[in-house]
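No lab work stands behind these numbers, since they all come straight from the coordinates. Please read these numbers as outputs of a predicted model, since none were measured by experiment. Because the Cβ atoms are built from the backbone with ideal geometry, glycine has one as well, and the counts that use them run over all protein chains shown.
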Amino acid sequence: MHAIELRGVKKRFSSLEVLRGVTLDVRRGEAFALLGPNGAGKTTLIRIVATLLRQDEGEVRVAGYDVREEAQEVRRRIGVVSHNPFLYEELTARENLEFYARAYDVEQSRVDEMLEKVNLVEREDDPVSTFSRGMKQRLSIARALLHSPEVLLLDEPTTGLDLKGRQDFYTLLEELLGEGATLLMTTHHMDEAERLCTRGAVLHSGSVVAQGTLSELKASMESLEEAYLRITGEGSET
Amino acid sequence: MRRHTCASQVREVRLKAVLNLASKDIRAELRTKHTINFMLLFSGLAVIFFSRIAGNYVASAPEMGAGLLWLVFLFTGMLGLGRAFVKEKELGTLDGLKLTPMSSEEILAGKAIYNLALMLGIQSIIFPLFIIFFDFPIQGSIVLAFGVLTLGNLSFVIVSSALSTLVLNARARELLLPVILLPVLFPVIVTSVSALNRVLVGGEGFLNILGEIKIILAYAVVMSVIAALTFDFALEE
């Protein structure tokens, strides 16, 4: 059984067809990159997998559970990190995690563990509004991991992070991968995909135009970036 | 997405999850006091304005008093109660909430309790202020009058909490909410004003206004069930 299975997923927003029958699988324990230009449908796809949006057609399963029929079960098994950290600015780092821990019915001791994991113990009693973007993103990872999810969904998680923030973030994700986590991430950064992911798919205008290991995607081309531009047809403009 | 029967929905609501959400909102509000300050300021000003404009009329026709008091609560509630969900939407934390295993009924109940806490805070200050500014001649029990107001406000927060999610994705949501709220609230406000008048002006006791209390309670129960049944769809994009 795959960690994530998508079969013929279609989504339309009024007259705009955002996803046109997407089919792909993410294996357990792997990091899968979802690449594509702006408007390709990456975020829509992640939101469907995360149960935040309903697909119009097709089937989506996470850890074997149907996202439409068994949304509660899916939510217990996923953690989501996006460019929006889903944190309450007025509350402290600890209060944010304690709130989410109670919402997930998780032991409060897990809050201490996660604060330590993301290196925020010294700032745990400071309001989130005083945090840098990088610190918020680290806290967001802690929030997403509180309930030990089987699958981590990352939607352009490094948007707005500086180089140091990105490096810290990658290190944290690499640790998680080492622990056997499954990652599905959307990104614009090819270096990010190459560093963290083993397989990936290129989404263009709502369809999967290429899929496979990152080395297969690169094939005979010099870099993943070049492959991406050629597949999506954006290379001709440059 | 999460379909249940009405009975199973009621069974599945976890009080712990509801109180967790309500206490998070209350703690955040007490830290910033953004909403409560504006609601208090607005309702205080409204009482002062009404007492200057209509104070003499209320002195000669005290039945007007309960209606004016409810107008203050209505406008104040419309100003602040929708914020509970709008704020989550604006900050992007609504998605964070929806991602937790909390059921939509638990989210609605948590937000309704937070809104009720806001309204009770306002009520505790504005009701005595109203009595003082209007020099209102109270004939009946002030505790009973406070209870009737609380019951009316309970119905008010249930309806406004549920309806505020319906307009979350609308462009002019602040304008749309009062337009939708007023007709839905009409029966409970009329009943509550009637009960309040009978206590404050008529000096009647609990047993005399039992009919009105039953109507307000039934309204609150019916609205809670409707809200629980429709809230799942209202939260969807």
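What share of the DSSP beta bridges in segment A:4-237 is antiparallel, in percent to the nearest 5?
Roughly 55 percent of the beta bridges in segment A:4-237 run antiparallel, per DSSP.
Explain nothing, just compute: Karplus ³J(HN,Hα) = 6.51 cos²θ - 1.76 cosθ + 1.60, θ = phi - 60°, for every residue of segment B:192-207 in order, whole Hz, x for Gly and Pro.
My calculation for segment B:192-207 gives 5, 4, 4, 5, 5, 4, 5, 7, 6, 9, x, x, 7, x, 4, 5 Hz in order.
Is there a simple number for the mean count of other chain Cβ atoms within 10 Å of the Cβ of residues in B:99-106, and what is it?
6
Based on the alpha-carbon gyration tensor of segment A:111-162 and its eigenvalue square roots a ≥ b ≥ c, which shape applies: rounded if a/c is under 1.5, prolate if not and a/b is larger than b/c, or oblate?
oblate
Translational diffusion coefficient, Stokes-Einstein: compute it for the protein assembly as shown using the Kirkwood radius over C-alpha pairs as Rh, at 10 °C and 1.306 mPa s, and state it as an integer in µm² s⁻¹.
64 µm²/s
Hey, got the Cα dimensions of segment B:6-235 along the principal axes, in Å, largest first?
In descending order, the Cα extents are 56, 36, 29 Å.
Go ahead and estimate [θ] at 222 nm for chain B from helices alone: -39,500 (n - 2.57) per DSSP H run with n ≥ 4, summed, over the residue count, rounded to 500.
-28500 deg cm²/dmol
For B:Lys98, give me every one of the lysines with a C-alpha distance below 19 angstrom, ignoring sequence neighbours fewer than eight places off in its own chain.
B:Lys16, B:Lys24, B:Lys87, B:Lys89, B:Lys111
Any idea what the relative contact order of segment B:84-212 is, in percent, if you count C-alpha pairs under 8 Å spaced at least 6 apart?
Worked out over segment B:84-212, it gives 33 percent.
Hey, how many Å between the Cα centroid of segment B:61-128 and the Cα centroid of segment A:117-183?
34 Å
On alpha-carbon atoms, Rg over Rh for segment B:42-88 using Kirkwood Rh?
1.14
I want to check a number: in chain A, how many lysine pairs have alpha carbons closer than 17 Å, given a sequence separation of 8 or more or different chains?
Here the count comes out as 4.
Applying the Karplus parametrisation 6.51 cos²θ - 1.76 cosθ + 1.60 with θ = phi - 60° to the phi angles of segment B:87-94, what ³J(HN,Hα) value in whole Hz is obtained for each residue in order, glycine and proline being reported as x?
Residue by residue, segment B:87-94 yields 4, 4, 5, 5, 7, x, 7, 4 Hz.
Would you mind computing the Rg to Rh ratio of segment A:104-227 from its alpha-carbon coordinates, Kirkwood style for Rh?
Taking Rg over the Kirkwood Rh, I get 1.02.
Long-range amide H contacts for A:Val80: which residues qualify at under 5 Å (H placed 1.01 Å from N, peptide plane, sequence gap of 5 or more or a different chain)?
Residues meeting the amide H criterion: A:Leu153.
From the alpha carbon gyration tensor of segment A:4-237, can you work out the equivalent ellipsoid semi-axes (sqrt of 5 times each eigenvalue) and give them in Å, largest to smallest?
Output for segment A:4-237: semi-axes of 30, 21, 16 Å.
Can you give the % of DSSP beta bridges in the protein assembly as shown that are antiparallel, to the nearest 5?
So the antiparallel bridges in the protein assembly as shown amount to around 55 percent.
Based on alpha-carbon centroids, what's the gap between segment B:42-57 and segment A:1-66 in Å, whole number please?
57 Å
From the Cα gyration tensor of segment A:69-110, with a ≥ b ≥ c the square roots of its eigenvalues, which class applies: rounded if a/c is under 1.5, or else prolate if a/b is larger than b/c, or else oblate? Don't skip to the answer; put the middle values down first.
Working: a/c = 2.65, a/b = 1.38, b/c = 1.93.
Because a/c hits 1.5 or more and a/b fails to exceed b/c, segment A:69-110 counts as oblate.
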